[in-house]
Ligand code: SF4
């Protein structure tokens, strides 16, 4: 999908916009003044695929802590500034890579320009982070509330202050908790400025609803080529935000796959195992391993390997056994109780040796055993276990009546 052309800004070593890979952001939930606790969370976020981490800078102690956090962080740090422009100046002194300013919170032009001037001199980028819930009251009044036009007007006014002091190293967000408002605001903003955009649905809430709202807003815009960096704002462990962001970009083909893509059949009358339980166990076992493969969990050997023939690897159940297949070819048969363990071991072997080597190492009897199991199941269950053919006959006769 073609991306919207933007200028590029740097957040430390991470480029944003201008053709750079779309980055994933999240925010720590610790007190920033707790240096060790905050660093531990930053490391967890980086391990989950987060490219940029934001920390609140809401008090002097937080700004002081940032001076210790930034040099030890594995990823660039953005300071989130609340109300006091002096904390923005202090955060820059602490060495942060970027700032986030909310135009609804710091409103005095002189203060805004003082921060922008110092950011310009230090080579630090700023995100103008407009938020529907904390919009500048005079703009909200002029536009009749937190409309898309109001959100964009707030961002443009802040940008104008920055331009007065020759500073335009800026990315922008116009977040709202309403998905349709957020989508319209970003579309309007994309037509108005050429700055990179940071996407997010604010206060999306806990999963699964928070995930669904975030995906609805962020994915819609990404599919239109809009968006250069993203954050899921979930009421959850921020590691979940980072994982969700990374998985969304991988699912859309916007970032190279580094983690497993687990697919599973929806189960049906043919299922020979509890597909939900096996899929969940496989998800947990594979999640921590950064295995960039598509792995399938299928409920039966009758249709499983065929339905998932495009997966790199999969397992299909039948008559107390797990039939392991690589690109649709049965390579090994294991007891049902060892299905997940065997799946993980084969995934690791593929990563280490490659698909061709694993196909060459297939057990020569595996295909034969799978065929025998399939025949046995067809004899027991019949060819039409879901009664689809019978139903089709009935449907036809009703339609002909
Ligand atoms: S036919 Fe087999 S693989 Fe397909 S949905 Fe049913 S149990 Fe799953």
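Details
- Counted residues, the stretch 290-312 - those being more than 13 Å from the ligand (Cβ to nearest atom), in a strand (DSSP E or B) and in contact (Cβ under 8 Å) with a residue 40 or more places away in the chain: 1
- From 285, 362, 366, 279, residue being surrounded by fewer than 23 Cβ atoms within 10 Å (Cβ to Cβ), free of Cβ contacts under 8 Å to residues at least 40 places away in the same chain, away from the ligand (no atom under 14 Å from the Cβ) and more than 22 Å from residue 383 (Cα to Cα): 362
- Scanning the stretch 259-276 for residues that are surrounded by 18 or more Cβ atoms within 10 Å (Cβ to Cβ) and in contact (Cβ under 8 Å) with a residue 60 or more places away in the chain yields 259, 260, 270, 272, 273.
- Residue match in the stretch 361-378 (condition: at pLDDT below 85 and in contact with a helix residue (DSSP H, G or I) (Cβ under 9 Å, 6 or more places away or on another chain)): no
- Test for residue 114: is it out of contact with any strand residue (DSSP E or B) (no Cβ under 9 Å at 6 or more places or on another chain) and either closer than 21 Å to residue 46 by Cα or assigned to a loop (DSSP other than H, G, I, E, B) (or both): no
- Of all residues in the stretch 375-384, one or more are buried (at least 16 other Cβ atoms within 10 Å of the Cβ) and either touching a strand residue (DSSP E or B) at 6+ places or on another chain (Cβ under 7 Å) or under 25 Å from residue 264 (Cβ atoms) (or both).
- Test: residue in the stretch 142-156 that is touching a strand residue (DSSP E or B) at 6+ places or on another chain (Cβ under 8 Å), surrounded by fewer than 24 Cβ atoms within 10 Å (Cβ to Cβ) and in contact (Cβ under 8 Å) with a residue 60 or more places away in the chain: no
- Restricting attention to the stretch 218-227, the residues that are farther than 17 Å from residue 242 by Cβ and either out of contact with any strand residue (DSSP E or B) (no Cβ under 7 Å at 6 or more places or on another chain) or assigned to a loop (DSSP other than H, G, I, E, B) (or both) add up to 5.
- Residue within the stretch 385-395 that is more than 20 Å from residue 287 (Cα to Cα) and touching a strand residue (DSSP E or B) at 6+ places or on another chain (Cβ under 8 Å) present: no
- When 250, 203, 224 are checked against the criterion of being modelled with pLDDT under 95, closer than 25 Å to residue 152 by Cα and away from the ligand (no atom under 16 Å from the Cβ), a single residue qualifies: 203.
- In the stretch 18-65, the residues that are under 18 Å from residue 196 (Cβ atoms) and over 17 Å from the mean Cα position of the chain (by Cα): 18, 19
- Of all residues making up the stretch 326-339, the number that are within 15 Å of the ligand (Cβ to nearest atom) and without any contact (Cβ under 8 Å) to a residue 24 or more places away in the chain: 1
- Scanning the stretch 46-70 for residues that are modelled with pLDDT under 95 and part of a helix (DSSP H, G or I) turns up 46, 47.
The values are calculated or read from the model by the stated rules, or taken from the named source; none is laboratory data. Bear in mind the structure is a predicted one, so any value in this text is a computation, not a measurement. As a convention, Cβ positions derive from the backbone with ideal geometry for all residues, glycine included, and neighbour counts pool all protein chains shown.
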